[in-house]
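Single-structure report; data block below.
Each reported figure results from applying straightforward, stated rules to the coordinates on display, with no laboratory input. Note that this is a predicted model, so its numbers are computed, not measured. Positions of Cβ are backbone-derived with ideal geometry, glycine not excepted, and every protein chain shown enters the neighbour counts.
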Amino acid sequence: MAAIQTTALTKRYGETLAVDELDLSIPAGTVYGFLGPNGAGKTTTMRMLTGLARPTSGSGAVAGVDVTDRDGLRPHIGYLPEEPPLYEQATGYEQLEYVAGLRGMADDATRDRIDRLLGELDLADDAATRIADYSKGMRQKVAYVQAVLHDPDVVFLDEPTSGLDPRAARTIREMIRGLADSGTTVFLSTHILPVVEAVADEVGILYDGRLVAEDAPDALARRAEAGATGTLEDAFLDLTATDPAADASAEATDG
Ligand SMILES: Nc1ncnc2c1ncn2[C@@H]1O[C@H](COP(=O)(O)OP(=O)(O)OP(=O)(O)O)[C@@H](O)[C@H]1O
Ligand SMILES: [Mg+2]
C-alpha cells in the first residue's frame, strides 16, 4: 500500500482549476519533492491530502485513510503549513506542550523529545520566550517540531526551510533524511531546488495544476535541454515555461 495515493484528485475554486486530476502513488519511506511555480497548486494539494480542503472530484488516501476523513487522518499525519498558525501569547515550549497534550502525549518522554528537537534546532535558549517575540525563522522551527512531534507516518512540509539560516536549514534537511530512513514518508514543497537535490528520492513537477513530470531528481536534471550538464533548475524551467516563444526557441535548438 502506498503511503500517499491519489486518483484524478481535483480542486476547483470557482473558475480556477487549482489541481487538475492529480495521480500520485508514493511508497512509504520516500522523500517526495513537490515542485512548481507560484500558483501551480502545491499548497492546495497539501491541504487536500491533510483533510483541510475537500476535493472537488477524484479521491485520495494517506496512510490508508481517505482524505475526506479528517479525524481519521490526524494521528497519521503531520503538517507544516505555508504560514503556521501559532499562539502568539504562548512561549515556544508552551505551544509544543499544548499540542502534545491535544494529542494525548503529555508525558515525560514527549517533554524529552521536545527538548531534544529544540536543542538540535538551536532554539533551546528561546524556548521560554513568547512566540510574539520570535523571528520568522524561530517560528518556523517551532512549527516544524510541532509537525513531527507525534512521529507521524506521513509528514507534509510546505517550504520547510523558509526563513531558516543555513545551519538550521541543513539541520532540517538532515532531520528529513532521518525521518525517511526510519520509514516516515515526507512530502515537501519548496522553491529552493538544492534542498530537493539533497533530500528527495523522487520529484514531481506541478504546472497549472497538472503533474508534468515525475522522476528521481538526477534523472530529471539529465532530461533537461542542456542534456548531460542539465540541472534540476534547467529541467524545472523547461517543464514550466509559460512563454510560447521560449518554448519554440527551445525546440529549435534541440536538434
Ligand atoms: N482558498 C482559495 N480560494 C480561491 N482560490 C484559491 C484558494 N487557494 C488557492 N487558490 C488558487 O489556486 C491556485 C493554486 O494555489 P496554491 O496556493 O495551491 O499554489 P502554490 O503552488 O502553493 O503556490 P506558491 O508556490 O506561491 O505557494 C492559484 O491560482 C490560487 O489563486
Ligand atoms: Mg504554496
Cut-off under 5 Å, modelled amide H: who pairs with residue 123 long-range: none
Candidate lysines - alpha carbon under 26 Å from residue 11, same-chain residues fewer than 8 apart omitted: 42
Ascending count of other beta-carbon atoms within 10 Å, so fewest first, for 105, 46: 105, 46
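Using only the Cα atoms, work out Rg/Rh for the chain, with Rh taken as the Kirkwood radius, to two decimals. Provide the component values of the computation, followed by the final result.
On the way: Rg = 19.0 Å, Rh = 19.1 Å.
Looking at the chain, the ratio lands at 1.00.
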In nm, spacing of pseudo-spin labels at residue 177 and residue 66 (7 Å Cα→C-beta vector): 4.0
Choice from 109, 90, 100 with maximal GNM fluctuation in the chain (Cα, 10 Å cutoff): 109
Label point distance in nm, residue 16-residue 122, each placed 7 Å from Cα along Cα→Cβ: 3.6
Computed [θ] at 222 nm, deg cm²/dmol, the chain (DSSP H ≥ 4; -39,500 (n - 2.57); rounded to nearest 500): -11000 deg cm²/dmol
Karplus (6.51, -1.76, 1.60) ³J(HN,Hα), θ = phi - 60°, over region 161-173, in Hz, Gly and Pro reported as x: 9, 4, x, 8, 6, x, 5, 5, 4, 5, 4, 5, 4
For residue 78, residues with placed amide H under 5 Å, excluding near neighbours: 154, 155, 156
Built amide H within the under 5 Å cut-off of residue 207, gap 5+: 212
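With the convex hull built on the Cα atoms of region 38-121, state its orientation-averaged projected area in nm². Mind dumping the intermediate values first?
Values: hull surface 29.4 nm².
Projected area, direction-averaged: 7.3 nm².
With both partners inside the chain, how many of the DSSP beta bridges are antiparallel, as a percent to the nearest 5?
Details: 20 of 37 bridges.
Among the beta bridges of the chain, antiparallel pairing accounts for roughly 55 percent.
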Per-pair calculated FRET efficiency, R0 = 51 Å: residue 242 and residue 107 via Cβ, rounded to 0.05: 0.50
